[in-house]
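The values are calculated or read from the model by the stated rules, or taken from the named source; none is laboratory data. Since this is a predicted model, take the numbers as computed values, not measurements. Positions of Cβ are generated from backbone atoms using ideal geometry, with glycine treated the same way; all protein chains shown enter the neighbour counts.
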Amino acid sequence: MLNSNLLKRHPLQNAAIIGKKRSGKTSLLHYLKNITTTPAEQLRPEQKSDWLPHPENYRWIFVDLQDARMQSREGLLKYILESLKMQVPTPCDLDRFMNVVSDNLHSPTVILLDEIGVGLQRCPELDDGFWECLRSLATNHTGGNLAFVLATPESPIEMARNTGHSSPFFNIFGYTAHLEALTETEARELIASSPIPFTDEDVEWILTQSRYWPLLLQILCRERLFNLEEGENNDNWREEGLQQMKSFTHLLNS
């Protein structure tokens with residue numbers, strides 16, 4: 001999990017979440033965006049959500065760079081401004097974007113960048129000049145109120161180098177969180193959240209097959225739950241679960 005101290009005080013700190021494909025990076029970004037303002041009755045027992053002071057003051061912007069609308073410079077800049085409820089200038093170029101944000105951003109804001117590798121590989125408009133603009137905003141023009149959290153399968157510096165980028169933006173991620181499998185306790189808690197309880201034997205089988213990876217746990221729990229909801233009392237769900245897992249067995253390779 002991300003260190004909550006990164007976002008508690010000014011200046012907000014930038015962070016990179018590093019993990020294998022389908023290891024749960026996107027889910028973690030959404031979790032960060034929502035957890036601190038989720039009503040207590042919607043949380044699991046013992047689930048912590050009070051790790052930010054005055055969470056209602058924070059703004060969270062989730063950017064999926066697989067979304068075609070995010071892959072043009074103007075489209076992405078407009079989306080950020082609209083998410084911040086700031087006026088979109090015409091034209092919405094880097095200079096005008098910088099002016100609007102630096103003049104109007106006065107509360108803690110976190111931009112969550114998902115699939116940033118796609119942006120670097122496929123989006124020529126998101127060039128070094130674009131990323132340098134974002135870096136300058138975060139470090140010099142927003143009073144420490146702006147931070148970036150990005151998800152990537154490798155370190156930001158390596159990812160930039162491997163895609164032909166050299167912007168210093170990718171050097172500002174001094175904190176990295178490596179996404180691994182859950183602990184046994186966390187995995188058992190996830191299984192226990194099923195609306196229909198599983199037998200001890202099923203729980204142990206799910207733990208063994210998933211090796212505590214969240215996605216694999218979800219697949220196997222889903223198949224078991226469907227089986228129970230259909231009133232079936234057989235092990236067919238196990239075969240189906242293993243079949244559904246096949247595309248993601250790279251998670252099991254150390």
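Looking at (1) more than 29 Å from Arg9 (Cβ to Cβ); (2) surrounded by 20 or more Cβ atoms within 10 Å (Cβ to Cβ), which is the only condition Glu189 fails? The failed condition is (2). Only a single criterion out of (1) without any contact (Cβ under 8 Å) to a residue 12 or more places away in the chain; (2) surrounded by fewer than 17 Cβ atoms within 10 Å (Cβ to Cβ) is not satisfied by Asn227, namely (2). Is there a residue in region 69-84 that is surrounded by fewer than 16 Cβ atoms within 10 Å (Cβ to Cβ), among the aliphatic types (A, V, I, L, M), out of contact with any Gly (no Cβ under 9 Å at 6 or more places or on another chain) and assigned to a loop (DSSP other than H, G, I, E, B)? So far as region 69-84 goes, no, none of its residues is surrounded by fewer than 16 Cβ atoms within 10 Å (Cβ to Cβ), among the aliphatic types (A, V, I, L, M), out of contact with any Gly (no Cβ under 9 Å at 6 or more places or on another chain) and assigned to a loop (DSSP other than H, G, I, E, B).
If you filter region 44-60 down to residues that are exposed (fewer than 15 other Cβ atoms within 10 Å of the Cβ) and at pLDDT below 65, you find that the one that is nearest to His10 (Cα to Cα) is Lys48. A single member of Ser155, Ser210 is under 30 Å from Leu12 (Cβ atoms) and among the small types (Gly, Ala, Ser), and it is Ser155.
Could you tell me whether region 95-114 includes any residue that is touching an Asp or Glu at 6+ places or on another chain (Cβ under 7 Å) and assigned by TED's automatic domain parsing to the domain that holds Phe169? Yes: one or more hits. Arg224 passes every criterion in (1) part of a helix (DSSP H, G or I); (2) touching a Gly at 6+ places or on another chain (Cβ under 8 Å); (3) within 29 Å of Val118 (Cα to Cα) apart from (3). Just to be sure, is Thr139 buried (at least 18 other Cβ atoms within 10 Å of the Cβ), under 26 Å from His30 (Cα atoms) and either touching a residue at least 24 places away in the same chain (Cβ under 8 Å) or more than 23 Å from the chain's Cα centre (by Cα) (or both)? Here the answer is no, as Thr139 does not meet what is asked.
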